[in-house]
Amino acid sequence: MATTRSASPTERARDLRELIEDANYRYYVVDDPAISDQEYDRLFQELLRLEEDHPELATPDSPTQRVGAAASSDFPPYPHAVAMLSLGNAFDEDGLRAFDARVTKLAGKAAAYVCELKIDGLAVSVRYEGGRLVSAGTRGDGMVGEDVTPNIRTIRTVPMNLRAKPPAKLDVRGEVYLAKSAFERLNATREARGEPAFANPRNAASGGLRQKDPRLTAERRLAFFAYASGAFEGAKVQPQTQLELLTYLREAGFPVNENARRCGSLEAVLAYCRRWEDERESLDYEIDGVVIKVDDLALQAKLGYAGREPRWAIAYKFRAREARTKLLDIGINVSRSGKLNPYAILEPVALGGVTVERATLHNLDDIRRKDIRIGDTVVVHRAGDVIPYVVGPALELRPKNARIFAMPKKCPVCGSAIDQPPDDVFSYCTNVACPAQVTERIRHYCSRGAMDIEGVGDVLADQLVAADLAHDVADLYELAVEKLAALPRMGEKSAQNVVDNIAASKRRGLARLLSGLNIRFVGGQNAALLAGAFGSIDAIAAASQDALSAIPGIGPQIAESVAFFFDRPQNLKVIERLKKHGVDTTAPKRKMAATGPLAGKTFVLTGTLPKLTREEASELIAGAGGKVAGSVSKKTDYVVAGEEAGSKLVKAKDLGVAVVDEAELRKLLES
């Protein structure tokens, strides 16, 4: 496109936007970059400066607006014009043959299919009106999802404006995902910051799309593949087949997976599935199966739906990755909480594109239930394509000298006594200063949810232990600037900041300290309940198990764990040293509310709330007469769910327990 420097700001801004959007299309969609990265950056910066000088030119669909201001604290609902329904599953070739037989019977003839790789991400719908992106939402329950428009705008593979002649209204369905390479870079960055790594790309993508601040979403470098449409209105000509629809979406500016193929027969479908089950590791994104759709869109409409699933499509799920190898031994890993975790030491075996030498064994009860013995040939799976675990032994191959495993009586690292609580499948090291735990305990103590000591993450915690500068958390308060500055990549200024941050942590208070000590079952909310009930760490240490369990929200299991922790002389020594260093071990003592708007109600907290910490939410609930529990049961009245809520939310839905967000909790407190 020819442009001149004499063009008006409005014309130049328009030209720059077109150049940048065209560059995005060629780079992300057709994989044929037209300009260099340096030229792209130059154009982008010129547009940015132009819009800063002339704010009226900063249109909502400008490429510079992909990262905006923070979104509202709650995601508004996003109603779908056309329902986003889920697919039925086939787990083997017989399931696909049965699907094909149903389609043939209902259609009255054999059908052709389009096969598409099933991307392991998060399904979304993006709405365009007059060719301009106006809104976007997650699948939700199929009828109503979450409005994540500001976050979708940060994804460079989602066009802000459609190319060619767009319809009046178009809902584009697709998958938001995180490439494997981007996932590795993201985790490397998080580890460098002292933040925990994500477990897998899907979790990182899902959590990234639900960030309250779109700038945090942009940091994840999410991507998008389009694969279907919902509402499609005002177009003179519409695609007649699924393959034509994919071509249309690509020409409109969307990335469409290049491996989609039309298959004229079931045998071709089966061959496609077999191929990608074998070649999935060659891709830079995770897939967990293949989606098979009838190609003819008119036939799709004729076949219709069975309940909430289309009769014209099915998802073929890949088999869990499996291999057999010899169990050479069973080792013990001591976690930061002192938990003794058994793991399998295996004869190296190739599994899903990686060599596996270690695998999860869960716990002693699981080992006994499966009758796994040292020397067995065992079956190994990769759960979620990430974590290897031992399924069980191949009993027909068991040698006569296979040995039954027994847990050690003492910690294999420090030699301290092992605690095996009743009704608990795990054993625990009782020493808070156990060398195997010290790095993780220091990292946890300094984490944001505990004492919030900025600058002390995984890397520095490792360095402190390796350099013999810290043997427990009390040693942090004896660190000198000159010794810290001598550590790799530290420097005097960074060392001084760390020392200042450590000193500031002394004023965090008892609840944060209890959370930082990492007492089993005592997270932020239970720490807040204990601190408010007793007022000092000395009072907690002197309390009986009965007195502890009498606190609303502190059940017998938590009380037993707290009493056990404060009964260990080595733990009390660490606490005494913390007190000598001036760490605040007190808290305002809270009067237990017998009455209030939440009296008699039991709450469970899960996920991250937008404004309240779990400690603050627990205090508010207890102050209003309510009780905070650690797990969901039929006796739970409300589950307060925040961002990235986990299994507690799932269980609440299964049990029919009321689920509220932070805003609804505040209404209950005020009622």
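If you go through segment 417-429 and pick out every residue that is under 12 Å from F565 (Cα atoms) and buried (at least 21 other Cβ atoms within 10 Å of the Cβ), you end up with 2. Sub-9 Å Cβ pairs linking a first residue in segment 601-620 that is within 17 Å of R590 (Cα to Cα) to a second residue that is assigned to a loop (DSSP other than H, G, I, E, B) and among the basic types (K, R), at least 6 apart or interchain, are E619/R590, ordered by first then second residue. With respect to (1) touching a residue at least 24 places away in the same chain (Cβ under 8 Å); (2) farther than 22 Å from R568 by Cα; (3) aliphatic (A, V, I, L, M); (4) surrounded by fewer than 22 Cβ atoms within 10 Å (Cβ to Cβ), the lone exception for L479 is condition (1). As for segment 471-483, it holds at least one residue that is touching a His at 6+ places or on another chain (Cβ under 6 Å), farther than 30 Å from A629 by Cα and assigned by TED's automatic domain parsing to the domain that holds E440. Of note, D296 satisfies the criterion of being within 21 Å of G88 (Cβ to Cβ) and either over 24 Å from the mean Cα position of the chain (by Cα) or hydrophobic (A, V, I, L, M, F, W, C) (or both).
Just to be sure, is I575 surrounded by 14 or more Cβ atoms within 10 Å (Cβ to Cβ) and more than 30 Å from N431 (Cα to Cα)? It is false that I575 is surrounded by 14 or more Cβ atoms within 10 Å (Cβ to Cβ) and more than 30 Å from N431 (Cα to Cα).
Considering only segment 203-218, I want to know if a residue exists there that is buried (at least 19 other Cβ atoms within 10 Å of the Cβ), in contact with a strand residue (DSSP E or B) (Cβ under 8 Å, 6 or more places away or on another chain) and more than 19 Å from G642 (Cα to Cα). Checked segment 203-218: no residue is buried (at least 19 other Cβ atoms within 10 Å of the Cβ), in contact with a strand residue (DSSP E or B) (Cβ under 8 Å, 6 or more places away or on another chain) and more than 19 Å from G642 (Cα to Cα). At least 2 residues being under 15 Å from I119 (Cβ atoms) and without any contact (Cβ under 8 Å) to a residue 60 or more places away in the chain is the threshold, and among the strands (runs of 3 or more DSSP E) wholly inside segment 257-345 not one reaches it. Looking at P166, is it modelled with pLDDT of 90 or more, over 17 Å from the mean Cα position of the chain (by Cα), farther than 30 Å from V459 by Cβ and assigned to a loop (DSSP other than H, G, I, E, B)? Criteria not met by P166.
With assigned by TED's automatic domain parsing to the domain that holds E670 and on the phi > 0 side of the Ramachandran plot as the only criterion, which of G607, G553 stands out? Before you say what the answer is, go through the steps one by one.
On the way: G553 fails: assigned by TED's automatic domain parsing to the domain that holds E670.
Just a single option satisfies the conditions, and that option is G607.
Would you please name the residue that is nearest to the chain's Cα centre (by Cα), looking only at residues in segment 169-210 that are under 18 Å from A123 (Cβ atoms), assigned to a loop (DSSP other than H, G, I, E, B) and not hydrophobic (A, V, I, L, M, F, W, C)?
Quick first cut of segment 169-210, residues under 18 Å from A123 (Cβ atoms) only: 170-179, 200-210.
Restricting the remaining residues to those that are assigned to a loop (DSSP other than H, G, I, E, B) gives 178-179, 200, 210.
With not hydrophobic (A, V, I, L, M, F, W, C) added as a condition, the list becomes 200, 210.
On the way: N200: 8, R210: 10 Å.
Only one residue fits best here, namely N200.
Any residue in segment 216-235 that is in a helix (DSSP H, G or I), in contact with a helix residue (DSSP H, G or I) (Cβ under 8 Å, 6 or more places away or on another chain) and modelled with pLDDT of 90 or more? No, there is no match, as no residue in segment 216-235 is in a helix (DSSP H, G or I), in contact with a helix residue (DSSP H, G or I) (Cβ under 8 Å, 6 or more places away or on another chain) and modelled with pLDDT of 90 or more. All of E258, E233 fail the test of being loosely packed, with under 15 Cβ neighbours inside 10 Å, within 23 Å of P77 (Cα to Cα) and assigned by TED's automatic domain parsing to the domain that holds L170, apart from E233. Within segment 625-664, if we keep just the residues that are closer than 25 Å to L209 by Cα and touching a residue at least 60 places away in the same chain (Cβ under 8 Å), the residue that is farthest from the chain's Cα centre (by Cα) turns out to be A663. Restricting segment 448-466 to residues that are crowded, with 18+ Cβ neighbours inside 10 Å and closer than 17 Å to L510 by Cβ, the residue that is modelled with the lowest pLDDT is A450. If you go through segment 79-89 one residue at a time, do you hit one that is touching a Pro at 6+ places or on another chain (Cβ under 9 Å), modelled with pLDDT of 80 or more and crowded, with 21+ Cβ neighbours inside 10 Å? Looking for residues that are touching a Pro at 6+ places or on another chain (Cβ under 9 Å), modelled with pLDDT of 80 or more and crowded, with 21+ Cβ neighbours inside 10 Å, one finds none in segment 79-89, hence no. For segment 476-496, a tally of residues being within 33 Å of the chain's Cα centre (by Cα) and either at pLDDT 95 or above or among the hydrophobic types (A, V, I, L, M, F, W, C) (or both) returns 4. Residues that are within 17 Å of S515 (Cα to Cα) number at least 3 in the following helices (runs of 4 or more DSSP H) confined to segment 542-583: 556-566, 569-580.
The values are calculated or read from the model by the stated rules, or taken from the named source; none is laboratory data. Everything numeric here is computed off the predicted structure, so don't read it as measured data. FYI the Cβ positions are ideal-geometry reconstructions off the backbone, even for glycines, and counts take in every protein chain you see.
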